[in-house]
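Enquirer: This is the structure I have questions about; it appears just below.
FYI, it's all coordinate maths here, none of it is from the lab. None of these values were measured; they are calculated from a predicted model. Cβ sites come from the backbone with ideal geometry, for glycine too, and all protein chains shown count toward neighbours.
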Amino acid sequence: MSTEITPLFGCAIYHTNIESELNMAELVAMMNESDINQKEKLEINTGNRHTVEQYFLKRYEESVLAKTIKKHLNIYFHNILMASDDIEIYITQSWLNRNDPGDFHHGHTHPNSFVSGTFYYQADNRTGQFVCSDNRYTPLEYEKKDYNIFNSNAWKFTPKPYELYLFPSHVVHKVEPNESNITRISLAFNTYLRGIINRHPTTGLILK
C-alpha cells in the first residue's frame, strides 16, 4: 500500500538572504539618514518603536535595496503564488522598527495589504524570534510528541542580518523579546495590487 501526504492550502513564508545583492555603502548611508537611531523622534508602539515616516522605500525608490526587495516580491507573487502577469504588486507603506534590549512586538496582522515583508538590517540569534501563528479555530488542542508543519499552530524563525521575509498580510505574527545587548533594526512594508485582478463574470475586478 502506498501513502501520500498532500500539504494542501499551505501558507508560503518566503525568506532569503540578500546581502550579496546589496550596495552596503548605500544601505548604511540610508540607515544613517533615517531617524531610527534617534529614539526621541520615533513613535512608541506596543513593545517597541518605529519611525513616524511610513514611506521609507519610496524616498529611496532608486536604491539597490528597494529594487532588490521589489525583485523578490515579484518572484514570490508571480513564481510562487503564480499570479497572472496582468496583476502588479507594489509597495504601499514602509517603515523602520527599533527593538532595544527587552523590547518585543505584539501579535498582529497587516490590514489593507496583500503581502507584507520584513528586511533585517541589524539582528542576531538573541534579538527576538519572528513567530507566525495560525489564527484558525482549533476544536481540540491535543498533546504532540513532536512538532511539524501539519500539527503546529505557530512556527518560529530566527532572522539574521540582511534576510528578507515575505508573507501573506493576514498571517498573525509577532517578535519575541530582545534578549541580547544590541538593538534590532528592521524595515517593514506592505503591498497592494493593481491591474486585471479577476476576469470572472461575477467576481471580476480591475484595480488602477
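Enquirer: Roughly speaking, what is the stretch gain from residue 6 to residue 22, that is 0.36 nm per residue apart minus the C-alpha to C-alpha distance, in nm to one decimal?
Expert: 2.0 nm
Enquirer: Hey, another quick one. Which of the aspartates and glutamates could be linked to residue 160 by a straight reach, that is with a Cα gap under 19 Å, when you skip same-chain ones fewer than 8 residues away?
Expert: Cross-link targets: 19, 21, 100, 103, 124, 176, 179.
Enquirer: Rg and Dmax of the chain over Cα atoms: what are they, in angstrom?
Expert: Using the Cα atoms of the chain, the pair Rg, Dmax is 18.6, 65 Å.
Enquirer: Could you list the GluC sites (Glu not before Pro) in the stretch 112-177 that lie in coil according to DSSP, counting only those with at most 15 other Cβ atoms within 10 Å of their Cβ? Display every interim value, and only then the final one.
Expert: Working: sites: 141, 143, 163; in loops: 141, 143.
For GluC sites (Glu not before Pro) across the stretch 112-177 that sit outside H, G, I, E and B with at most 15 neighbouring Cβ atoms in 10 Å, the list reads 141, 143.
Enquirer: Roughly how many debye, to the nearest 20, is the charge dipole of the stretch 1-47 about its Cα centre, given +1 on each Lys and Arg Cβ, -1 on each Asp and Glu Cβ, and no other charges?
Expert: Dipole magnitude for the stretch 1-47 comes out near 160 debye.
Enquirer: While we're here: Fewest to most neighbouring Cβ within 10 Å: what's the order for 144, 208?
Expert: Placing the least packed residue first, the sequence is 208, 144.
Enquirer: In what sequence do 1, 82 fall when counting other Cβ within 10 Å, fewest first? Before the final figure, lay out each step's value.
Expert: Numbers: 1 2, 82 7.
By the 10 Å Cβ count, ascending: 1, 82.
Enquirer: Using helices alone, I'd like the mean residue ellipticity at 222 nm for the chain: each DSSP H run of four-plus residues gives -39500 (n - 2.57), total over residue count, nearest 500.
Expert: After summing the helix terms and dividing by the residues of the chain, the value is -3500 deg cm²/dmol.
Enquirer: Residue farthest toward the positive end of the dipole of the stretch 1-123, with Cβ of Lys/Arg at +1 and Asp/Glu at -1: which of 11, 108, 118?
Expert: 108
Enquirer: Springs between alpha-carbon atoms under 10 Å, Gaussian network over the chain: tell me which of 63, 94, 169 tops the mean-square fluctuations.
Expert: 63
Enquirer: I want to check the label-to-label distance for residue 37 and residue 179. Put each point 7 Å from Cα in the C-beta direction and report it in nm to one decimal.
Expert: With each label placed 7 Å out from Cα toward Cβ, I get 2.9 nm.
Enquirer: Loop only by DSSP, 15 or fewer other Cβ within 10 Å of the Cβ. Give me the chymotrypsin sites (Phe, Trp or Tyr not before Pro) in the stretch 136-186 that pass, ordered by residue number.
Expert: Loop-located and lightly packed - 137, 142, 147, 150.
Enquirer: Expressed as a whole percent, how much of the Cα-Cα distance distribution for the stretch 55-112 exceeds 19 Å? Show your work: numbers first, answer last.
Expert: Details: 808 of 1653 pairs.
In whole percent, the long-distance tail amounts to 49.
Enquirer: For each of 196, 91, count neighbouring Cβ atoms within 10 Å of the residue's Cβ, then give the residues from fewest to most.
Expert: Ascending Cβ contact count within 10 Å gives the list 196, 91.
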